[in-house]
Amino acid sequence: MNKPRRKALQGIIDQLEELKGALEEILSEEEEYRDNMPENMQGGEKYEKVEEAISNIDDAVSTIEDVISSIEAATE
């Protein structure tokens, strides 16, 4: 792989890292929201929706990590 393409891929990795960081911040906020829900709301519909959102965001973070790894492997 030539230097310009490697540099372009590194730029994409940098953007993905930034997006991953933003998702991790939202994930942390959502987990804190869930953890601070009153006991009487735990197990309810709203709590389940928050749990689902947390799971989906966590999956998105993992997917971005996989994409970054694949791009890094392509530049080796």
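The values are calculated or read from the model by the stated rules, or taken from the named source; none is laboratory data. All values reported here derive from a predicted model rather than from experimental measurement. No Cβ is skipped: glycine too gets one built from the backbone with ideal geometry, and neighbour counts run over all protein chains shown. Keep in mind that these areas ignore ligands, DNA and RNA; they rest on the heavy atoms of the full protein, side chains included. Shrake-Rupley method; radii C 1.70, N 1.55, O 1.52, S 1.80 Å.
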Which of [x] 11.8; [y] 14.0; [z] 14.2 is the computed Kirkwood radius over Cα pairs in Å for the structure on display? [z]
Once Lys and Arg get +1 and Asp and Glu get -1 on their Cβ, which of ASN40, ILE68, ALA8 lies farthest toward the positive end of the dipole of the chain? ALA8
What relative contact order, as a whole-number percentage, does the chain give when Cα pairs under 8 Å and 6 or more residues apart are counted? 51
Round to a whole number: what % of the accessible area of the chain belongs to carbon and sulfur, probe 1.4 Å? 48
Treat every Asp and Glu Cβ in the chain as -1 and every Lys and Arg Cβ as +1, leave all other atoms uncharged, and give the resulting dipole magnitude about the Cα centre to the nearest 20 debye. 740
Given springs between every Cα pair under 10 Å in a Gaussian network model of the chain, which of ILE12, ILE54, ILE64 has the largest fluctuation? ILE12
